[in-house]
Structures are given as structure tokens and as C-alpha cells.
Amino acid sequence: MDELSGIVESLKSEIKTKLGPAKSIFDLWFGDLKLSSLDEECAVFTTPSPLKKNILSTKYIDIIKETLFGIIGFSVEVKIEKEGPAETKLPEKETTFDEEILLESERREKKIEEILNNPSSEKKTVLDEYTFDNFVEGTSNKFAKAACFAVANDPCVYNPLFIWGHSGLGKTHLLYAVMNHIKKNNPGLKIIYKKCETFMNELIDAIGNHETGPFKEKYRSADVLLIDDIQFISGKESTQEEFFHTFSALYESEKQIILTSDRPPMEIKHLTDRLRTRFEGGLIADVQPPSFELRTAIIRKKSDSMGLSVSNELVDYMAERLNNNIRQIEGVLKKLYAVSSLTGAEVTKESIDQIISIVDPGNVPTDIMIERILTAVSKKYGVSVEDIKSRKRNDTISNARHTAIYIIRKLTDLSLKDIGKIFDRNHATVISSIDNIGVNIRTIKNYESELEKLIKEIKDV
Ligand code: ADP
Ligand code: MG
């Protein structure tokens with residue numbers, strides 16, 4: 001017997017005693033109770049029917065809590081859930097830098113469903129904000145945009161279309177643009193857009209309520225099915241099974257399927273081969289982090305459309321610092337706009353720094369990061385910052401210098417040449433320092449973990 005079933009058995013036997021002779025009551029409500037998880041804060045029990053769940057959660061919750069306390073020795077919150085299919089609902093979570101964004105994306109998904117179900121509406125909607133026109137193009141996203149545009153003009157030219165790339169690089173924007181385009185140019189087509197988690201949760205509900213028929217019908221009636229962040233299907237066997245059938249039915253009747261993911265199909269773990277093969281069977285397009293030019297173009301376009309005035313110099317400064325995520329760029333601009341419209345203050349380097357430190361706490365200006373690295377290394381090796389930067393060559397000082405160079409290379413975007421300048425040396429010395437640390441990592445026990453610890457301390461200041 002494992003620990004959880006041991007605990008639940010003791011719990012049941014004590015509750016049975018407490019309830020006294022009314023054995024049938026005990027059997028009725030507690031007979032099939034299971035403990036599905038337990039940690040320091042919460043115990044989750046499951047029971048097969050919604051009725052039992054309700055009765056246990058209202059009438060018997062106190063006795064369960066109290067008895068459990070006696071067994072485990074500390075008090076926890078107790079939850080009773082209906083035993084579901086093996087897959088439990090996912091909290092609809094996305095890896096975004098900000099919870100606001102998550103909430104916004106959920107609200108948007110609901111709105112989009114309304115908009116798609118009401119094609120005659122003339123009002124401006126959230127969908128109108130995400131078009132091909134306002135998607136700024138650069139070499140990193142050109143191909144994905146072209147593929148989406150082609151599919152929006154002529155559904156099924158590429159089927160499925162699989163768009164992948166890191167978070168915040170415009171995948172959802174492209175899906176919205178496709179929907180927008182189809183809605184305008186081909187209003188008769190039925191479009192269904194779902195985040196993968198919502199698809200999964202709907203399926204779990206349908207199974208729980210014995211209503212899988214309508215679920216299947218709904219998805220199979222789509223002319224264009226868009227599933228956002230399909231990577232969340234990883235390891236979810238029954239969702240994969242159902243999605244496979246939906247996919248095949250749509251594919252065979254020549255309906256367009258568009259998927260996005262934070263990684264290519266090859267890299268989605270715990271995905272059945274048959275789905276992987278399907279995902280790879282159409283066109284795969286990636287979106288890569290934006291180049292400096294694309295970042296400045298996006299900052300200009302977005303600040304102009306907000307009516308936020310930012311000097312060219314500050315646009316470049318922002319583009320340098322916000323170097324891999326367009327969602328972050330947008331987040332910073334929105335906050336800058338909010339501050340400047342509330343206070344009437346101009347955008348300055350300081351206001352940008354302050355907002356970046358809120359939106360992306362790990363992102364600090366390069367000069368401050370270098371200072372932090374030098375100070376931390378100086379402390380660790382007991383060598384002064386002057387000595388680290390000097391030309392002295394005793395072992396401790398050299399080691400500290402190699403370490404500082406290695407960490408600067410790792411945590412900043414500086415070129416080898418620019419790193420060399422800090423130490424009044426050329427780029428060859430920088431390479432040799434980095435190699436030196438590489439050798440230490442490979443040959444000295446625990447060296448790498450010590451170094452990682454130091455890097456983490458520097459990042460977490
Ligand atoms: P993803 O789905 O890849 O995580 P999103 O599509 O949600 O990213 O993009 C994040 C934000 O950045 C959105 O508000 C989107 O409009 C904006 N964005 C992304 N790429 C571009 C682009 N090329 N041009 C204009 N805005 C963009
Ligand atoms: Mg997205």
C-alpha cells in the first residue's frame with residue numbers, strides 16, 4: 001500500500017468509528033473515497049459522482065479535515081473533486097512575463113468565440129487589432145507571415161500549417177490575422193479558434209458529462225480550425241486520441257488546420273507518432289527572435305500608433321535592451337504610455353529603465369550588469385575590481401579575471417572585442433579566458449555548479 005492509500009484507509013476507519021453504527025451512511029458517502037494528492041497545504045480527495053462530491057464537500061468536510069489532522073499531524077485545506085478521466089484540467093496557463101497578459105489572452109479567447117459566432121457584427125472588435133497589416137515584418141517572421149497569408153487567402157493550400165517559435169514572437173497575432181482575413185473575405189466559412197488548454201478542458205468536461213457527441217460534432221463542423229499552443233497536448237493521451245480523430249476528419253474533408261507551438265513537432269515530448277507525423281505533414285514555418293532592425297521598426301510603429309513620442313535615440317536604446325520578445329516590447333510601451341499620459345512627463349532613459357525593471361526584472365542595463373559581475377567575482381576571489389581589470393598575472397587574479405570575462409560573455413550581448421576593452425585587452429585574450437573556464441568546467445569537480453551558483457547570485461541581485 002502506498003502512503004496515500006495508507007492515509008485514506010486510516011481516515012476511513014476513524015470516520016467509520018466516529019459515525020457510529022450507521023454503516024450504510026458511511027459506505028454511501030465514504031466507501032469509494034480516494035486521496036489523490038497531499039502536500040503541506042492541501043489534500044485532494046476524489047469520489048466518483050458529482051452528488052458525492054457535493055455532499056462530502058458540504059456536510060462532511062469538517063469531519064474529514066479534523067480526522068485527517070489527527071492522522072498527519074498538521075492541518076491542510078481539503079478539496080473534494082469528482083474522479084475524472086486520468087487527465088485533470090490544466091490551469092489555463094501560458095508562459096508569459098506577466099499575469100495580466102494571461103488574463104487578457106483568456107478574455108480575448110472568449111470574445112473571439114463570440115465574434116466568430118456572430119459574423120454579421122459590424123462593430124470594431126478585438127480581432128481587428130491583430131491584422132496582417134499591423135504585423136511588422138522582418139527576416140525572422142517573413143516566412144511564417146507569408147504562409148499564414150497564403151492560407152488565409154486560400155484555405156487548404158498548406159494543410160496543416162504549423163507555426164512555431166518562442167513565446168511573445170507573434171504566433172497568436174498571426175492566427176488572429178488569419179481569422180480576420182477569412183472573416184472579411186470569406187464570411188461563409190466556419191472558423192473555430194481554441195487555445196490548446198481550452199480544447200483539452202472542454203474535452204474533459206464532455207467526457208465527464210457523457211457529452212462527447214456534441215463536442216466531436218462541433219469540432220468536426222469547422223472549415224478552419226486553429227489551435228494555439230498545441231505543445232500543451234504533450235503527455236495528454238486521451239486529448240491526443242480525440243484530437244487525432246478530429247484532425248483526420250477535418251483533413252480528409254479538406255478543411256484547414258493551423259497549429260502553433262513553442263517548439264517544432266519533433267521536439268514536443270510525449271506526443272504519439274501518428275500525431276507527430278500529421279503535424280509534420282503540411283507546412284512548418286518558424287518565427288525567430290527579432291533582429292535589431294525589426295525591434296526598432298516595431299517600437300516605432302507601436303509608439304506612433306499610440307501617439308507616444310519617443311526620440312530615435314531612445315527607440316534604439318529600447319531595442320537594444322529588449323532583445324528577444326515582442327510581447328515585452330509592447331508591455332513596456334503600454335506602461336510608458338500610461339505613465340506619460342497620466343503625468344504628462346516625457347519618455348526618458350530613466351523611465352524606460354524603471355519600467356523594464358518591472359516588466360523584465362532579470363534585464364538590467366549592460367553597464368550595471370558588468371559592475372555587478374565584477375563586484376561579485378571580486379568578493380568571491382578576494383581580489384579587488386582594480387586588480388581584476390589590471391594586467392597583473394598572479395594565479396588568483398588571473399582566475400578571477402577569466403571568470404569575470406566568462407560571465408560577462410554569458411550574461412550580456414557584448415562582443416568579444418567590447419569585452420576585451422573593459423580589461424584593456426584584445427579579443428584573443430577574451431577567447432582564451434573563456435576557453436580556460438571551459439577546461440576548468442570539464443576537469444575540476446564541482447567547478448561548474450559553483451560557477452552556476454555565482455551566476456545565479458548575480459542574476460538574482
Ligand atoms: P506568441 O503567440 O508568439 O506568444 P503573440 O502573438 O501573442 O505572441 O505576440 C505578443 C504581442 O506582440 C502581441 O500583442 C502581438 O500583437 C505583438 N507582436 C508580435 N509580433 C509582432 C509583429 N511582427 N508586429 C507587430 N506586433 C507584433
Ligand atoms: Mg500565443
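Laboratory data are not the source of any read-out in this text; all were calculated from the coordinates shown. Source: prediction; values computed, not measured. All Cβ positions, even for glycine, are placed from backbone atoms using ideal geometry, and neighbour counts span all protein chains on display.
Beyond 18 Å, what share of the Cα-Cα pairs of segment 175-293 is found? Please give it as a whole percent.
So the portion of pairs separated by more than 18 Å is 54 percent.
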Here segment 144-151 yields Karplus 3J(HN,Hα) values (6.51, -1.76, 1.60; θ = phi - 60°; whole Hz; Gly and Pro given as x) of 4, 5, 4, 5, 5, 5, 4, 5
Given 168-175, 274-281, 237-244, the highest-first ranking by average Cβ count within 10 Å works out to 168-175, 237-244, 274-281
Applied in sequence order to segment 60-75, the curve 6.51 cos²θ - 1.76 cosθ + 1.60 (Karplus, θ = phi - 60°) yields integer Hz couplings, x standing for Gly and Pro, of 10, 4, 5, 5, 5, 4, 5, 5, 4, 4, x, 8, 9, x, 8, 9
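Take 7, 227, 419 and order them by how many other Cβ atoms sit within 10 Å, fewest up front. Display every interim value, and only then the final one.
On the way: 7 17, 227 26, 419 23.
In order of increasing Cβ crowding within 10 Å: 7, 419, 227.
Which order do 148, 156 fall in if you start with the one that has the fewest other Cβ atoms within 10 Å? Intermediate results must be reported in sequence, preceding the final value.
Numbers: 148 26, 156 16.
Starting with the residue having the fewest Cβ neighbours, the order is 156, 148.
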With the 8 Å Cα cutoff and a minimum separation of six or more residues, the chain has a relative contact order in percent of 11
Once amide hydrogens are built 1.01 Å from N within the peptide plane, the residues lying 5 or more places from residue 287 or on another chain with amide H under 5 Å from its amide H are 164, 165
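Please work out whether the chain counts as rounded, prolate or oblate from its C-alpha gyration tensor, where a ≥ b ≥ c are the square roots of the eigenvalues and a/c under 1.5 means rounded, while otherwise a/b larger than b/c means prolate and anything else oblate? Mind dumping the intermediate values first?
Working: a/c = 2.11, a/b = 1.27, b/c = 1.66.
It is oblate, given that a/c is not under 1.5 and a/b is not larger than b/c.
By how many nm would the segment from residue 394 to residue 334 lengthen if fully extended, with 0.36 nm per residue of separation less the alpha-carbon distance?
Details: separation 60, 0.36 × 60 = 21.60 nm, distance 5.09 nm.
Stretched fully, the residue 394-residue 334 segment lengthens by 16.5 nm.
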Taking Cα atoms only, helix 99-117 is inclined relative to the longest principal axis of the chain by an angle, in degrees rounded to 10, of 60
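Counting only C-alpha contacts under 8 Å and six or more residues apart, can you give the relative contact order of segment 109-231 as a whole percent? All intermediate terms of the calculation are to be shown ahead of the outcome.
Details: 109 pairs, mean separation 35.1, N = 123.
Here the relative contact order equals 29 percent.
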Taking 373-379, 434-440, 334-340 and ranking on average Cβ neighbours within 10 Å, highest first, one gets 373-379, 334-340, 434-440
In Å, the C-alpha Rg and Dmax of segment 327-461 are 18.0, 58
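With charges only on Cβ, +1 for K and R and -1 for D and E, what is the dipole size of the chain about its Cα centre, in debye, rounded to 20?
Working: 64 positive and 73 negative charges, 125 e Å.
Dipole size: approximately 600 debye.
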With Cα coordinates, the longest principal axis of the chain makes an angle with the long axis of helix 349-359, in degrees rounded to 10, of 30
By the C-alpha gyration tensor axes a ≥ b ≥ c (rounded if a/c is under 1.5, else prolate when a/b exceeds b/c, else oblate), the shape of segment 183-227 is oblate
Placing +1 on each Lys and Arg Cβ and -1 on each Asp and Glu Cβ in segment 202-279, then taking the dipole about the Cα centre, the residue among 272, 222, 203 whose Cα reaches farthest towards the positive end is 272
Computed over segment 1-56, the distribution of all Cα-Cα distances in 5 Å bins, rounded to whole %, is 4, 18, 27, 26, 18, 6, 1
Nearest 10, in degrees from 0 to 90: the angle of helix 196-208 to the longest Cα principal axis of the chain is 10
For segment 311-321, in residue order, the Karplus 3J(HN,Hα) values (coefficients 6.51, -1.76, 1.60; θ = phi - 60°; whole Hz; Gly and Pro = x) are 5, 4, 4, 6, 4, 5, 4, 5, 5, 5, 7
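Under the definition of Cα pairs under 8 Å and six or more residues apart, what whole-number percent is the relative contact order of segment 290-359? If you can, show how the numbers build up before the last one.
Working: 50 pairs, mean separation 24.4, N = 70.
Reported relative contact order: 35 percent.
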Taking the alpha-carbon centre of each part, the distance from segment 190-211 to segment 319-336 in Å is 33
extent check for segment 120-163: Cα max minus min per principal axis, descending, whole Å, gives 32, 25, 14
quick shape note, segment 136-200: Cα extents on principal axes in Å, largest first -> 33, 29, 20
